[in-house]
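Before any comments, here is the structure.
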Amino acid sequence: MRRLPLLLVLCIPGACRNVPTEADAVAWRESQRAQQSSAPAPAPLAAAPSGIFKHAGPGVAPGGSGPARFALLAYEAFDADRALQLAEYVDRFWREPGNDGYEAVIARLQEELRGMHFGEEPGRTLQLIETPMSEPAWTPLSGRLALLGKDGERVLHAFDAPEGRDRLMLPKNAPSAKVEGRIALSLETLEAGRILVVEGHAGSKLLEDARARGAACVLSASLESFNTDKSGKERHLDAIQYQSVRAGTQLPVGQISRRSLQAIRDAFAADPEVRLSFQAAVKTEPRPLHTLVATIVGGLHPETAVALAAHVQEPGACDNASGVATQLEALRALVVGIDSGRIAPPDGSLCFVWGLEMRQSSVLLEQGGRKILAAVVGDMTGESREATGAMPLLERPPDPGSIKALPPDEHTEWGASEQDPKFDQASGIALVARVALHDTALAAGGWETKEHPFEGGSDHQVFLAAGIPAVLFWHFTDFTYHTSLDRMEMLDASEMRRCGTAMISCAMALADAHPSDLERYLSSLRLEVRLRVDAAKQAGEEALAKRWAEWEPLERQWLRRLCLGEKAGALPAPTPTKK
Ligand SMILES: [Zn+2]
């Protein structure tokens, strides 16, 4: 074993730095690694031909280090058909915390993981963590809404199986019901015993007012503006929005499509005596919440881990059957690589989590038993661009871009959140994730991607709140988002393969950083900072340009620590430049 030469350091006040140089540290870590790993390193990838990596964001320095060490191998091993089959299984159910569908998916994931020997060997652990739930698990069983006119009955929405297309006609926590009544199209004209039908969201205030006036039931045709089908095909007219009401709600409630709203309005205009019949059957029971954690135990630092999280609950194929399946198949690709000896087991651990959005991350942090150093979150990872119009996106943690988004940054329709970047939370995780997008584009033979400043709304927020760097891989604007249209035909298996490759390459680069990764990261960082500072100056935002310039050394130091460990020491003083 080669040892670090002892450094003779002259201590000058204000310039004392008794740490090894970067070159020493690189040599030291490489010599350590050479003794630990006999797995052959994959051949480095060449620079991306232009047009392969079409990313609305900073460029990436080419190279075979960092995520490139895993991207091609992961891409080759990722079985898109298998991911699609799992997504199909998950999509069969409307998953809500602890309900029948949620439990079925957790059981299937456990079975898949046991097939990869999780829970059977010390290097692959499996935890099913049980925590209490404050509300009972809610499972929808059936629903039916029909117009009863002079000409007979016209069914507007119905389902009687878990996979039913109209299952979202019941908001989450809706009670069982069987009612029939005349129609009221506004709260003002509502008389006792009538069924109130509104276009907007039926919030708790409206439900309370309707209940007080004796409504038999409230039906809402709510949709968000971003649900409008921009293709001109008007598919959103058949969308039923995914909604929820408070647990314990007694008043019968339902969701309807805009087309059904129009049918009800037309029928009422023709005959004010027309009636509606509404039926719902649901099951509620107290159950615990299950969070599933599969861990590839690190060879050098088993006690620290990079987390990957995909939430199980919600009723969509893209959101988030695709994330669940993408993460499982990405893990399988990694396992294939490790078992074949083509990928060395990581230095640090990787924890793959499936459970209830946000809560699963808290459960991992509190009960997972490992120190989480970074997190890679996959939510809505399988959108077909052709079917939904949604772009693959990388969401960065708060950085100076959060103060003001300047080109090429732009916020999604989800919208910015008020997040002033805290300088003590500067990290290079978004840069590593961007490099992973680049290396995946190369492995896949092309990929068009975008990135944007922090917006929040998924598990990355929980990790960031705990001071842990985190990124989100997702897709937006998907006009089917949180509607009954988000089903299997909106999924693209090849997109799950690309997203899974990017996520696992990013996570492995973080859990298994090498000193030789650093140079490429720092070159990429220079590309980003130059772009951001120039954009700020062009926009006349001098203060923002300064923030980015100040951010650069902090991110640089984070990347140095990632790649060099403790040997990174303090950040070297900037090299003097000739005036
Ligand atoms: Zn989601």
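Details
- Residue, surrounded by the most Cβ atoms within 10 Å (Cβ to Cβ), within the range 416-475, restricted to residues that are among the charged types (D, E, K, R) and closer than 20 Å to residue 381 by Cβ: 439
Every residue, every condition in (1) in the same structural domain as residue 480 (by TED's automatic domain parsing); (2) in contact with a strand residue (DSSP E or B) (Cβ under 6 Å, 6 or more places away or on another chain); (3) within 30 Å of residue 478 (Cα to Cα), yes or no:
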{"residue": "195", "(1), (2), (3)": "no, yes, no"}
{"residue": "199", "(1), (2), (3)": "no, no, yes"}
{"residue": "241", "(1), (2), (3)": "no, yes, yes"}
{"residue": "277", "(1), (2), (3)": "no, yes, no"}
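- The one condition from (1) surrounded by fewer than 21 Cβ atoms within 10 Å (Cβ to Cβ); (2) outside any loop (DSSP other than H, G, I, E, B); (3) under 28 Å from the mean Cα position of the chain (by Cα); (4) not assigned by TED's automatic domain parsing to the domain that holds residue 488 that residue 129 does not meet is (4).
- Residues in the range 159-182 that are in a strand (DSSP E or B), within 31 Å of the chain's Cα centre (by Cα) and not basic (Lys, Arg): 159 alone.
- Given (1) more than 16 Å from the ligand (Cβ to nearest atom); (2) of a type outside the set (Gly, Ala, Ser); (3) in contact with a Phe, Trp or Tyr (Cβ under 8 Å, 6 or more places away or on another chain), number of the condition residue 468 does not satisfy: (3)
- Within the range 303-329, considering residues that are closer than 19 Å to residue 387 by Cβ and small (Gly, Ala, Ser), the one farthest from the ligand (Cβ to nearest atom): 325
- Verdict on residue 276 being assigned to a strand (DSSP E or B), within 16 Å of the ligand (Cβ to nearest atom) and either at pLDDT below 95 or of a type in the set (A, V, I, L, M, F, W, C) (or both): no
- Flag not set for residue 254, criterion: more than 16 Å from the ligand (Cβ to nearest atom), on the phi > 0 side of the Ramachandran plot and not in a helix (DSSP H, G or I).
- Some residue of the range 535-550 being under 24 Å from residue 62 (Cβ atoms), free of Cβ contacts under 8 Å to residues at least 60 places away in the same chain and not assigned by TED's automatic domain parsing to the domain that holds residue 451: no
- Enumeration of residues in the range 556-565 that are charged (D, E, K, R) and surrounded by fewer than 22 Cβ atoms within 10 Å (Cβ to Cβ): 556, 561
The values are calculated or read from the model by the stated rules, or taken from the named source; none is laboratory data. Worth saying up front: this structure is predicted, and the values here are computed from it rather than measured. Reconstructed Cβ throughout: ideal geometry from the backbone, glycine too, with neighbour counts over all protein chains shown.
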